[in-house]
Structures are given as C-alpha cells and as structure tokens.
C-alpha cells in the first residue's frame, strides 16, 4: 500500500507520521534525536511503520467477529512481544559492540576479566528483560538507550562488586558503545520480528494468526517522504522533499483541528507563533528572536538547577499557593534569580509557578508579535504537556484575547510530522 | 510635623501606582485639565506647567509590571524601558494622558516617539530635540525656536495662550523646586544616614508625578523631618552613582547598594529635576532664559555632546569631590547606548583623578540582587581597606 | 572561495577606493589633510573644497568585516572596557587602533587631522567621535542635524544647520587645511553630485522590471558606494554611474537579472523582496547566496538610502549650496521618523510589486532597529503582504547564525509560495 511519511527532525526528539492517500494517520513513531540525524530519521520512520503494522493488524483483527472485545488485548500482547524481540536484538548488538570496545591502555591485562563481567551483565540483562516486557509492566521510556542504560547501571554495579572490579571499567565501555549502537541504522526485517513476536505469544488460534499474517503480507511502499524540523537541512532528501517546520506545524495543527487559526508551538530551542487560514496555509509567523530565552530548554535548565526531573516541574508548580514573580526568561540569569529566591526563603513550588508564568509571558509576546490570538487556538510542543504552563497560558489568553477555544492534543508532539505527511500526500495526490 | 516615614510612604504609593491614580485625580479635579507625559532625561517642565498641564514623568514600568505586548515590539538586545512604556500604553494605563514628550536621550527613545505616533494617533506627541551646539547664537537660536514650537503645540492642545508671565511664574516655581532638590542632595551628602537614598529617590520620583508646588512643600517638609530624625550613623563608604539617568534600577537595587555598605551621596538617577544646575532668570524673555540655562547651566550627561575633549567627565569628577564621595558606581541599564559608550571615557577620567570605581549593568526588572550586593560590598570594603 | 566575478563598474569602483586609500595613507608624503566622517550626512563636496581626503570609519569597519578581521578587533575593544552591548562598527574601529591601524592597502592609517562629526540619524556617531577625539586629540567639528521627529524638516532646522556650516564647519575646515572656502568650487562639485545622483536613482528604479536587472540590497551596496563615500561630487563618480547605467540597461535589454558573486546571471527570480536594515558584512556572500539560491531578489531597500534619499526627489543643488547640504543631511533615511519610514517601505512594496518586506535587524544599530517590529506590522497591515524578520549584526561574526537565518528565510519563502498556490487555487 502507499505510505506517505512526514519526518520532523527536532532538537531533542525526532518524530515520524505515516499516512494513507486519504490523509488518515496509520502510524506514529518517535525517537531521541542523536548526533546522527540520518539514524534518528530512519529510527523514527521505522517506529512509525511498526505502528502502521499495528494499525493494519487492528483492522484485520477487527474484521473477525469472534475476536470482538479482545482485540486490544491481543494487540497489546503482540506489541509487547515485538518490543521485547526488538530489545533483545539491540541488546545483542550492544554486547557485541561492548566486547569490541574492550581495548586501549586502561584494559591491558584485564581484557578477559572485563569480558567475563560483561558477559555476566548481559546474561542478567536478558533475563531481566522479560520482566521489563511482562504484561502490565510499566516502562519509564520506550527508547532503548534509556531502558538498557538504567538496567545496565544497576546490574553492572552488582556484577562488578561481586567480581571485585571497579564499575568505571565497564561503564567506560558502555558509554562508548551505546553511542555507536544508537547511531547505527536500525536493523530491518520488521515482519520477521512480528512473526517471532507472534510465536512468543504461544499457540494462538488461526483466527488471530491469519489476519496478522495477512496484514504482514501487505507491502508498505514509501511513496513520498517529506522532512521538516530544525535538522531538516541535514536530511539526505532532495530539496522538494523538505518543508519548513512553520508550514508543517501550521498544516499539522489544521489537520488536527480544522478550525484552528492561531498555533503556538514551544519546542526545545524555539517558540513559534503561527497564523493559518481556513485551508491550513500559513499567513504569518513569528519565532523567538535570536535569543532562545523562554523556550523549552529553559525548563530543562531549571530542572537541572533544582536537581529535579523535567516532568516533575509542572506538578510541583501546581501546588503553589503564592506565585513568585520571576522577571528573567534568560536561561543564564534564571538560575541566578532562582538561587536568589531560594536564599530569600521562597518555596520551591512558588518559584516554579513564577518560572512557568515567565515562560508563558514570553510566548504571549511572540503571539502578540505574530498578530495576536484568534479562535481557535492550538498549543503544541513539549511544553504543552506541562500542566502548570498550560494553566498560565489559559489564564493569559483569556485576559488578553477573551474566550478562545484552546486545543491541546495529546499527540501534539507529532504536529510537525503530521503536517509533513500531509504535504507528502498533497505532493503526489494533487 | 510630618515624619519622614509618612512622606516616603506617600511617595512610595505614587511610585508604585502604575495606574497613575493621583494624576488621573488631578485631571478630573477641574474640567479641561490636560496631562502631558514626558520621558527621561530632560524636558522643559516649566512650559508644560505654564500651559496649565500636569507634567507626568514616565519612567518605564519598573519591576512590578509584566510586559507582554511591549516585548512584541523589541528585539532582545534593546533595553527595557521602551517595552514597559509601550505596555503602559497598550494596557490603557496612560489612556488619560493627552500628550507625550520624548526628549532626546538616544535612538531608542527617539524611535519610540514614532511608534507612539502610529500606535496612539490621537495623542499629541513630540520628539524634543535639544541642541548639541552650545553657542547661544547658533544652538541657542535653534533651541528658542524649538521651545516656541513646543509652546505653540501646547497652546493648540489646550486651546489657551501661554503668556510670558505664565512662563515666568512657572520658572519661579521650578527654580524653587530645583533649589529644594539641591538642598536635599546637599543634606544627604552631609548626613547620609539621615536621608537614605532609597528615600531620597522616592521623594524625587514622586515629584515627577505631582504638581510642582505640592512637591516643593513636600521637599521642605522632608528636609525638616529628616534633620530632626534620629538614625544611627554606620561605617559606610560614600559613593556616587552614575549611568542611571534613563531606565531606572529597581528600588531593591538602590536599597541593595546601601545595604552593602555604601552611602550614596551623589547620583544621576532620573536626572530631570537636577538637569539645570542654576536658577533660570525670571526677568527678561523667559524662553530665551530657558534656552540659555540649558546651554550654559546644565549637567554633563551622556546624551549631551561635550564640545571640548578636556572637559569630558569633568562634571563627574567635580561632583564627586563636591559631594565628598570616595568612589563611583557606574551602574547602567543593559543595552543603554549612551551610558555604555560613555563608560570608557568617564571611567578613564575617574581613573586619572584617582577615584575608585566599579561598573555593572541592570534592567528595570532585574531580579537578582545577590551579585549587586556582592560587588557593591566588595567595593565598599576595598575603599575602606585602601584609602 | 572563488574570486567574485566583477563587472566594469565594479572594477572602476575598486580603483577609486584603492586610490582613496592611497591618498589617505600617503598624507605625510603629499601633505594633504585627512578627515574622518560618517556616511549619513557625509559632506564630501565640502571636504573637497579644502582638498581634504575623506576617510570613513564605517567603510573601514565594513572592509574589515568582509576581510574577516573585524571579529578580533571587536574583541580587542571589549578587552579594553567597551561593552558587549554596543555598536560593533565602533568597536571594530577602536580595536583596529589597538592592532596597528593598517589600511586595506597594507599601509598604516595616519591619524586624522580633523573629525567631521556630521551627527545625522545616529546617536552612536556622537560617542564614536568623542572616543576617537580622546585618542587623536585633533579638532572635532560637530554638525548637529536635528531629527525629523514630526515627519518633516522645518525652517528652523535648516537654518540651524546652515548656520553651523557657516560658523563652525567651514571655518574649522579652513583652519585645518589652510585653504580659503570658495563657494563656486562647491557649486561645481554639487553639479557633479546631482548628475551622478540622477543616474543612481535611475539604476535603483530599474528594480521595477521583471526580472529585476539589479539586486537592490546585496548588489545595491556596490551601486551606492561612490555616492555614499569619498566620491560624491567627483567626475569619477559621474563616470561610474554612466557605466553602471549602461550595464543595467544592457541587462534589461537582454532580460537578465543581476550578476551574482558566482558569476552567473540571476534570472530565475521567484520572490521579489523589499529589505529594511543594513546587511551583515562578515558573511556577506554566504548571506547573499541564501537569497539567490532560493530565487529571492531584492527589488528595493532602505539601506541604499542611508547616505541620502535621492529617489524621493532630493538632489544637491548648485544654486543653493549650503541649504542643499542641510536638506541632504536632514533627509537621510535614519533621520526620518518611523511613520515616514513605514510610508516609504509600504510604497516600495507596492511600486516594486514585491512579495513582502524582509527586515534584517542589526544588533549594533538601534537607529535602524528599535521599532522595526512596529514597522513590519504596519507595512504588513497596509500592503497585505507578509513580512519576515531575521537578526544579524554588522561586523560581529559571533552574531551571524547561518542555520537560524536560513531556517527563517526558507520558512518565509515557502510561506509566500504556499500562499500563492492557495491564491491561484481559489482564483
């Protein structure tokens, strides 16, 4: 079948969306943007195609009357098992890479011991992986780097202690290897892995196996790919396959909410205010000026400064009872102001509430610069997931622009890729 | 007798009121009254006053105002005062202001005058370009005509003539104001523990938002109350602050310098009411008198050309000596062209005169005071140790 | 990088510039006096009356920017106590002194004999020459040109300038040069100026053609060179513009676009832009390439008016020599108030049938930059054409972020493209 793909190469994550010729979304994929943009694009695309397969399975299984009510469970198991197969494959790759990286002066005479320790670590990692992908298990992240990394730290330390070896020995090897593994293009044979995942699920009825095998037999043809995002110039695409993220964001928001007229996107490195017409065509846009003050990265910096996780900031700020006024959205000054406030005895949640307000005030200025906010208003980007930021935004939009419908899509992170995929459809179909 | 605390409380309330209720009340008190806003650093307030209008000092939004729309008009490398001034405008806080005067300070304020014309076409606004040639025959003649043009503009706005006698009366009131202001500054230089700069500053800022006669009474009251006050003298060093004539530091910054062990005995905060250094004659042609005072008896500051190289920074050195300051803090707003371009020259002259100095930057909404306290404190300690 | 392909007019200009640098650096041998002055409000004809050689620090900073040495000069000045916040022309100039002041011809710059501070349209000029004065301790002649705050000049302003010319500038230059002022000599030079100005205006107005035979921004900085600097009033400048006019006419006849530095004719013009603000000099060719690679040609610009707004009708007038110098100074682009700048830019967008206004906002230059976002908003509102905003600096290489600029430009061009398609679909 024809697949139209949009890839959004962002500064922190890379997203892909697969669409059919009728602009129906078939699959979405996301990965961390790494130093190698080609790989990031390939991985996100593969993830979106995996997701597309799952959509096709759902369609196939949904057509089987006796499976009514149990499709979600079947698909859940299938995906879980597939992820496990995929994880093990990458783990093998990581082990091979680690072994190959036991070299250099610091390992002289200890190569064998290190190799033995690593072998033990990977054996346990494989054993433990079953639990990671057990039914109902919660995983902190879907990125291999995060999953393997967390386990490696834990298990590696234990094994090293048992073997009387300093943990840094293998940590050094790991650090080098994970980058290599991460930057290698993803392994192919998605269909094979799904078949193995299917087998993992035990003896399944023909009613399940047949539609899955049928769906797997449908070739996914990459009809047209459009790249966008900050790293788009580094994509190995011909020029006509590249669209600015402004256009893609505008069109993506339009695809989610056809009545959108104003779009705000707060990403890691920039903030964009976009006005679109009823067809999703961009009429005007403004981005933060050269200074990246008040972008997503600002919150990341604050999180580091407070020694907290990025996702913990919003919830803590929601507990605030007395917002502290923070005047600086400069990432550098904000740290100083933060420490100053803490020293003055202000509460962390109150300071955080102020910081969230500061970032949204900055976004409000960009919106004002782009011509204000018109109904409907769509908020996208990583910061749209932060409840404290959203609360401030709602307040300020109401104060400045009155009653405007505010759309925030849980899949808003895919807005740019969605627009890109739509462009891909239009390039071929129109 | 009114206490200093009572006077300063009133000043602080005026200073903090971003809705300018007092000026609104002044306007509402009699039909036909007009309010004329003016920006730093010098405007002939006598002319506004003689037109029967209230001159209202607009010195940005301080650190208590959130700026949303104002930021939409400026790049990150431009100072803050034009942003907050626009915010004051677009949020309706200046909707009672009938005219605006944008004196020459720099290109940013100059261009703000054009923005104002486009944004508020119904407000009478004027870019007021003071002469940079100080020969009475050349710059003087030009300036007299500019003042007459200002006078005509105000007359059209108010619908009433400004007579020479009106102008003379206003000049007399402002002479009195300047005399009292100089007295407060002299008092502070003598007994800085009795007139903290955080108070003197508020007293001056409040004066730029009220009728001059009322401010004159207030200044006189403050002088009496401050002299009678009993406050402990501390082992602080005596400093002059320069570079702060346009965008104002937050009050907390002014306090931080004092808390760090410095008595500010001389400064160029906001300037306006100390811009002319001597009485303007009330006999003869009042417009000519105003013009000549500007040419011959005004401070040296960064937005005025200094015709002779050897005179550059002389004013600062003399003022430091006169006020008995032991050092200078050159505190400028970030991105302030006038103060920052002048800094190497002024600091060079201070160095030649063996006057210790430090420099730092601020914005009207600076939030972190720790580095300021740190620098001012270290500066104070170094003066104590080495001199 | 390949050597830029040069047309005859460019070669002529190159020779003129080289001769002028030679005149400056050989002052000790020839005994000629050298003045420093600025491009806006440049009084070249007047200096010529006294045989004074005109050295323009702005042009030196541009030269140093293009030769990629300005960065180290700026850092030198910052080490010496100059703020990172202020104009990099000033810092490049002052830093150059710290590093030996070598002219582009490899010879040392002599100290100026006079600083002609024609204070027109830019606050920083005043401080710049106060700083240079402290260094050179030479006579400094201040000519205060009032700003057209109400959108027009007044008789008072004009009289004030003429008076300063008569009583400050001319006596000052007589003293420095030992030459008596001869107003008829000035008239003769002004006649040359007016002739060259006619041809310059003609060339700039050819941006109305499709394809445009000129690039009124990147190419424009070459076209304005002689008139904006040390050559206005000379017969060299008259010849230059005759030559330039011939070249532009030839391109019109052959339906050719301007020549790019690659040596190709830029004929495939997809987007027509009006540009506001000075260019960046440290990455000038890279910056230009971002435009013609995408098919964007600049059909009109404000930067080509900083040294005089001849296209709005002003000409130097031999019959009213001093008055016309006054009017010239008053009318320079950055001495116009913001509403006037909006009028001019909106008119350009319409008359040159541009797709929109692009603002290159320069960190150094508040005279240009403060208020540009308001200008953009207003021009958009009046013309219905979208604007775009990018940020660079004059000669500070630290402030040129190629990826950032490219990203914005591409987004802007694609938006224009998409809007056009949308419009044609609707039609």
Scan of the range B:81-112 for residues that are touching a strand residue (DSSP E or B) at 6+ places or on another chain (Cβ under 7 Å), within 10 Å of another protein chain (Cβ to nearest Cβ) and either free of Cβ contacts under 8 Å to residues at least 40 places away in the same chain or in a loop (DSSP other than H, G, I, E, B) (or both), ordered by number: B:104, B:110
Set B:155, B:176: member being away from chain C (no Cβ under 14 Å) and farther than 22 Å from residue C:150 by Cα: B:176
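Limited to the range C:282-315, what total is found for residues that are more than 12 Å from the chain's Cα centre (by Cα) and in a loop (DSSP other than H, G, I, E, B)?
8
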Within the range B:151-259, helices (runs of 4 or more DSSP H) holding 3 or more residues that are without any contact (Cβ under 8 Å) to a residue 60 or more places away in the chain and in contact with a helix residue (DSSP H, G or I) (Cβ under 9 Å, 6 or more places away or on another chain): B:164-190, B:212-228
In the range C:251-268, the residues that are surrounded by 12 or more Cβ atoms within 10 Å (Cβ to Cβ) and not in a loop (DSSP other than H, G, I, E, B): C:251, C:252, C:259, C:265
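I'd like the full set of residues that are within 18 Å of residue C:288 (Cβ to Cβ) and either touching a residue at least 60 places away in the same chain (Cβ under 8 Å) or within 11 Å of chain B (Cβ to nearest Cβ) (or both), limited to the range C:358-389.
C:358, C:359, C:360, C:361, C:362 - these are the residues of the range C:358-389 that are within 18 Å of residue C:288 (Cβ to Cβ) and either touching a residue at least 60 places away in the same chain (Cβ under 8 Å) or within 11 Å of chain B (Cβ to nearest Cβ) (or both).
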Helices (runs of 4 or more DSSP H) fully within the range C:51-164 counting 1 or more residues that are under 30 Å from residue B:118 (Cβ atoms) and within 14 Å of chain B (Cβ to nearest Cβ): C:88-98, C:123-136, C:155-164
Helices (runs of 4 or more DSSP H) wholly inside the range C:168-236 that include at least 1 residues being touching a helix residue (DSSP H, G or I) at 6+ places or on another chain (Cβ under 7 Å) and not assigned by TED's automatic domain parsing to the domain that holds residue C:142: C:183-205, C:220-223, C:225-228
Test: residue in the range B:77-88 that is within 18 Å of the chain's Cα centre (by Cα), surrounded by fewer than 24 Cβ atoms within 10 Å (Cβ to Cβ) and more than 17 Å from residue C:372 (Cα to Cα): no
Hits in the range C:408-427 (condition: in contact with a helix residue (DSSP H, G or I) (Cβ under 8 Å, 6 or more places away or on another chain) and facing chain A (nearest Cβ under 7 Å)): C:411, C:414, C:415, C:418
Residue match in the range A:23-30 (condition: in the same structural domain as residue A:185 (by TED's automatic domain parsing), assigned to a loop (DSSP other than H, G, I, E, B) and without any contact (Cβ under 8 Å) to a residue 60 or more places away in the chain): yes
Residue check, residue A:293 touching a helix residue (DSSP H, G or I) at 6+ places or on another chain (Cβ under 7 Å), surrounded by fewer than 24 Cβ atoms within 10 Å (Cβ to Cβ), in a loop (DSSP other than H, G, I, E, B) and modelled with pLDDT of 85 or more: no
Residue in the range B:337-374 that is farthest from the other protein chains (Cβ to nearest Cβ), counting only those that are more than 17 Å from residue C:134 (Cβ to Cβ), modelled with pLDDT of 95 or more and out of contact with any strand residue (DSSP E or B) (no Cβ under 8 Å at 6 or more places or on another chain): B:354
Condition met for residue C:306 (buried (at least 24 other Cβ atoms within 10 Å of the Cβ) and either without any contact (Cβ under 8 Å) to a residue 40 or more places away in the chain or closer than 27 Å to residue C:384 by Cβ (or both)): no
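One line per residue, one yes/no per condition, for (1) closer than 30 Å to residue A:358 by Cβ; (2) surrounded by fewer than 16 Cβ atoms within 10 Å (Cβ to Cβ); (3) without any contact (Cβ under 8 Å) to a residue 60 or more places away in the chain; (4) within 14 Å of chain C (Cβ to nearest Cβ):
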position	(1), (2), (3), (4)
B:293	no, no, yes, no
B:299	no, no, yes, no
B:302	no, no, yes, yes
B:311	no, yes, yes, yes
B:318	no, yes, yes, no
B:325	no, no, no, no
B:332	yes, no, no, yes
B:376	yes, no, no, no
B:381	no, yes, no, no
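The values are calculated or read from the model by the stated rules, or taken from the named source; none is laboratory data. Quick caveat: nothing in here was measured; it's all calculated off a predicted structure. Positions of Cβ are generated from backbone atoms using ideal geometry, with glycine treated the same way; all protein chains shown enter the neighbour counts.
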